[in-house]
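Taking it in order: structure first as structure tokens, then the write-up.
The values are calculated or read from the model by the stated rules, or taken from the named source; none is laboratory data. Computed from a predicted structure; not experimentally measured. In this analysis, Cβ positions are derived from the backbone assuming ideal geometry, glycine residues included, and neighbour counts consider all displayed protein chains. What goes into the accessible areas is simple: the full protein's heavy atoms, side chains included, and nothing from ligands, DNA or RNA. Shrake-Rupley method; radii C 1.70, N 1.55, O 1.52, S 1.80 Å.
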Amino acid sequence: MRFVKYHGAGNDFVVVDARFAEHDWAAVATQMCERRRGIGSDGIILVAPPTESVPVMKMFNPDGSEAEACGNGLRCFVRYVVDSGIVDATAFDVDTLGGRRHVTVLGAADGVQDAAEVSMGRPIFEPAQVPVHVLDGGVPVLGLLLAVGDVPVEVNVVSMGNPHAVTFIKDSVASYPLREVGPLMEKHEAFPARVNFEIANVIGRGDIEARVWERGAGETLACGSGACAIAVMAHLLGYCDDMVRIHLPGGVLTVTWNGEDNEVLLRGPVKRVFAGEWPE
């Protein structure tokens, strides 16, 4: 099985052309993503059979679960299908489990692109659609106080095609015990489909530093949908303007949203790492 590995701001993925292949992709993902006995990645991305001539992306997490949305993965997908000649365009649509997304290749020079901008869809605030269990049913869900172990954590909840809980802190995110709190938040009873958990520190109206615990993957160097969730929540709370840079351990992602009923745009780097063969 031929694969190519890419990363977007350190969020790394194994990409496979699966248009003419059938496998137990959940099982393949757990094997490929393993960092000691496999290739090592935050997930595998498949080029699935197209629908209506629109390329289809599917993504599986390291635990074998399928993800509805992945902004960094979508940018890696974009580069793969353009690099491999599957798509001959610099702007096109991609079908994902979370819906159809418009993508644009940026920084093209000598046939090599180093960035992409992707539509991440409209934020979803309705609790039942996130999904999140709340008592008062307020929309959007802001300042929800949850008991996580022995620690109370205040979160703001949104779906970017997948569920996110964002908490804002005043201290540096580097000191936050994410590896202890993250797994508990991911599986908290308030989130029936589990949740991605982001901690964020607003360092200016145009800049936010953050770390992310991804559902099914653990802490990653970057998360595209997580960056979008942070930007949306920060905008609603009046912390940032329409465009904001999210500083993650793996790099910087730029998110644009004007607070109205428009799609969120995510811009960031994407790099090819290496290619190889995986024994089927």
Legend entry - Y239 accessible area, assembled protein chains, probe 1.4 Å, Å²: 90
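Based on the Cβ-Cβ distance from R37 to E277, what FRET efficiency comes out when R0 is 25 Å, to the nearest 0.05? Mind showing how you got there, number by number?
Working: r = 16 Å, r/R0 = 0.65.
So the FRET efficiency works out to roughly 0.95.
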Legend entry - For the stretch 213-250 and the stretch 1-63, distance of Cα centres in Å: 23
Inset, instruction - Report, for the stretch 1-73, the % of DSSP beta bridges that are antiparallel, rounded to 5. - result: 75
Inset, instruction - Give a residue-ordered list of calculated ³J(HN,Hα) values for the stretch 263-280 (Karplus: 6.51 cos²θ - 1.76 cosθ + 1.60, θ = phi - 60°; whole Hz; x for Gly, Pro). - result: 6, 7, 10, 10, 10, x, x, 8, 9, 7, 9, 6, 10, x, 10, 9, x, 7
Legend entry - Gain upon complete extension [T51, L97; 0.36 nm per residue less C-alpha separation]: 15.3 nm
Inset, instruction - Hey, can you find the accessible area per residue of the chain for me, probe 1.4 Å, expressed in square angstrom? - result: 43
Legend entry - Cβ-based net charge around V15, under 13 Å, with every Lys or Arg adding one and every Asp or Glu removing one: +4
Legend entry - Full-stretch length increase - A26, S172 - with 0.36 nm per residue and alpha-carbon distance subtracted: 49.0 nm
Legend entry - Nearest 10 degrees, 0 to 90: helix 71-83 Cα axis against the chain principal axis: 20
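Are there GluC sites (Glu not before Pro) in the stretch 1-96 that DSSP puts in a loop and that have at most 11 other Cβ atoms within 10 Å, and which ones? List each step's numbers first, then the result.
Working: sites: E22, E34, E52, E66, E68; in loops: E22, E34, E52, E68.
Loop-located and lightly packed - E22, E52.
Mind checking the full-extension length gain between R2 and V252? Use 0.36 nm per residue of separation minus the Cα-Cα distance, one decimal, nm.
Working: separation 250, 0.36 × 250 = 90.00 nm, distance 2.99 nm.
Length difference between fully extended and current span is 87.0 nm.
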Legend entry - Under Karplus coefficients 6.51, -1.76 and 1.60, residue-wise ³J(HN,Hα) of the stretch 91-103 in Hz, glycine/proline x: 9, 6, 9, 10, 8, 10, 4, x, x, 7, 10, 8, 10
Inset, instruction - Give, rounded to the nearest 20 debye, the magnitude of the charge dipole that the chain has about its Cα centre when Lys and Arg contribute +1 at Cβ and Asp and Glu contribute -1 at Cβ. - result: 520
Inset, instruction - Run the 1.4 Å probe and let me know the accessible area of H7, rounded to the nearest 10 Å². - result: 60
Inset, instruction - With everything on Cα atoms, drop me the angle between helix 224-236 and the longest principal axis of the chain, reported from 0 to 90° to the nearest 10. - result: 30
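Using the Kirkwood formula on the Cα atoms of the stretch 104-237, what hydrodynamic radius do you get, in angstrom to one decimal? Could you put the intermediate results ahead of the total?
Numbers: mean 1/r = 0.0646 Å⁻¹.
Value: 15.5 Å, from the Cα pair sum.
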